[in-house]
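Here's the structure we're looking at; comments come further down.
The values are calculated or read from the model by the stated rules, or taken from the named source; none is laboratory data. None of these values were measured; they are calculated from a predicted model. Because the Cβ atoms are built from the backbone with ideal geometry, glycine has one as well, and the counts that use them run over all protein chains shown. Surface areas here come from the heavy atoms of the whole protein model, side chains and all, with no ligands, DNA or RNA. Shrake-Rupley method; radii C 1.70, N 1.55, O 1.52, S 1.80 Å.
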Amino acid sequence: MQTSEYKSSDYWRDGFAFPIDVLTAEEAQSIRAELEAIEASPPADLTRPLAKYLRTNVHIVLPTVAKLARHPKIVDIVKQTLGPDLLCWGAEFFTKEAHTNKVVTWHQDLTYWGIGHGDQEVTAWIALSPATEASGCMKFVPGSHTNEILPHVDTFDENNLLSRGQEMAVKVDEADAVPVVLMPGQMSLHHGRMFHASGPNVSDDRRMGLVIRYITPEMKQQNAGRDYAMPICGDDPYRHFEYIPDPESAFSPASLALYDEVMAEHAKIMTQGAEKTVAIYS
Ligand SMILES: O=C(O)CCC(=O)C(=O)O
């Protein structure tokens with residue numbers, strides 16, 4: 001599907017849309033190369049392991065990710081979906097190494113984020129390497145976003161990429177699932193109540209996705225005192241979120257200080273009700 005063919009009616013019917021061409025293969029490769037250069041030689045002055053910065057809120061510390069959140073093609077698609085006023089609430093690299101058992105169990109994103117269970121959030125998942133059934137691409141259950149948020153349990157399984165190893169307490173029929181196959185530079189969109197999961201990577205390449213979470217400004221953090229978002233476009237008469245500025249440079253001192261501030265608040269939000277430490281926020 002080309003960008004011009006995107007129909008938001010498909011998204012609202014199914015709860016997802018893909019594949020949507022947003023970057024060239026070369027642009028995707030350049031972001032992958034930048035990420036891999038950082039992984040090969042992490043900045044010396046980080047107070048947390050590099051993987052934690054990459055795994056959550058990476059838009060605070062990496063200018064390339066902040067810029068991508070404003071990429072005209074991506075924003076155009078998201079505007080067609082959620083309307084003209086947009087904030088970026090989060091960004092994460094979801095990487096599965098080649099030949100590893102890392103999985104994502106069935107879950108609904110809005111379960112633990114504290115920003116309600118409504119329709120004003122969408123995730124853009126942008127492939128930086130081939131996301132295939134062999135490499136452990138996501139799977140979606142069409143129409144499942146029409147459910148409420150269903151009960152989830154924490155497993156803290158070390159092979160689970162999710163923060164608390166959470167999974168839905170109801171059985172999802174794998175036969176209902178659609179594999180979200182994407183080539184580098186292609187994007188999928190999914191709704192915050194979508195049932196989704198992904199399996200192990202049995203391929204020879206890393207499976208790399210950059211996830212950007214967009215919200216509209218009327219959303220509000222309900223669990224903690226403060227929450228943060230990066231302004232993307234349109235108006236925000238509510239100011240429910242503290243604004244995150246673009247980082248001046250990768251892991252700049254100011255961005256690292258802001259990162260710690262945001263993570264302290266997010267730790268309160270994301271760990272509510274958890275029986276163990278939630279490692280990515282510590
Ligand atoms: O990348 C994956 O396999 C899962 C990503 C996911 O759960 C999400 O973006 O909400």
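Figures for the structure shown
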{"quantity": "Sites Ile149 and Asp45, calculated FRET efficiency, Cβ-Cβ separation with R0 41 Å, nearest 0.05", "calculated": "0.55"}
{"quantity": "Using θ = phi - 60° and Karplus 6.51 cos²θ - 1.76 cosθ + 1.60, couplings along the stretch 225-235 (whole Hz; Gly, Pro as x)", "calculated": "x, 10, 9, 10, 7, 9, x, 10, 6, x, 9"}
{"quantity": "For the chain, fraction of C-alpha pairs farther apart than 24 Å, in %", "calculated": "47 percent"}
{"quantity": "In order through the stretch 19-36: 3J(HN,Hα) via Karplus (6.51 cos²θ - 1.76 cosθ + 1.60), integer Hz, x for Gly, Pro", "calculated": "x, 10, 6, 10, 10, 6, 4, 5, 5, 5, 5, 5, 5, 4, 5, 5, 4, 5"}
{"quantity": "The chain: relative contact order as a whole-number percent, Cα under 8 Å and 6+ apart", "calculated": "30 percent"}
{"quantity": "Amide H within-cut-off set for Gly136, under 5 Å, with H built and near neighbours excluded", "calculated": "Val202"}
{"quantity": "Translational diffusion of the stretch 45-116, µm² s⁻¹ [Kirkwood Rh, Cα pairs; Stokes-Einstein; 25 °C; 0.890 mPa s]", "calculated": "167 µm²/s"}
{"quantity": "Computed label-point distance, nm, for sites His240 and Glu34 using a 7 Å Cα→Cβ extension", "calculated": "3.0 nm"}
{"quantity": "R0 of 41 Å, Cβ-Cβ distance Ser8-Glu133: FRET efficiency to nearest 0.05", "calculated": "0.95"}
{"quantity": "Peptide ranges 134-141, 80-87 listed from the most packed, as the mean C-beta count within 10 angstrom indicates", "calculated": "134-141, 80-87"}
{"quantity": "Calculated from backbone phi, Karplus (6.51, -1.76, 1.60) coupling profile of the stretch 86-98 in Hz, x at Gly/Pro", "calculated": "9, 10, 9, 8, x, 8, 8, 8, 10, 10, 10, 5, 4"}
{"quantity": "Fraction of accessible area attributable to carbon and sulfur, the chain (%, probe 1.4 Å)", "calculated": "52 percent"}
{"quantity": "Residue-averaged 222 nm ellipticity for the chain, from DSSP H runs of 4+ at -39500 (n - 2.57), nearest 500", "calculated": "-7000 deg cm²/dmol"}
{"quantity": "Residues whose placed amide H lies under 5 Å from that of Ala17, excluding near-sequence neighbours", "calculated": "Leu189"}
{"quantity": "Per residue accessible area of the chain, 1.4 Å probe, in Å²", "calculated": "42 Å²"}
{"quantity": "Amide proton proximity set for Ile115, modelled H, under 5 Å, gap of 5+", "calculated": "Gln222"}
{"quantity": "Violating pairs (Cα-Cα greater than 24 angstrom) within the set Lys79/Lys171; Lys139/Lys171; Lys102/Lys139; Lys73/Lys268", "calculated": "Lys79/Lys171; Lys73/Lys268"}
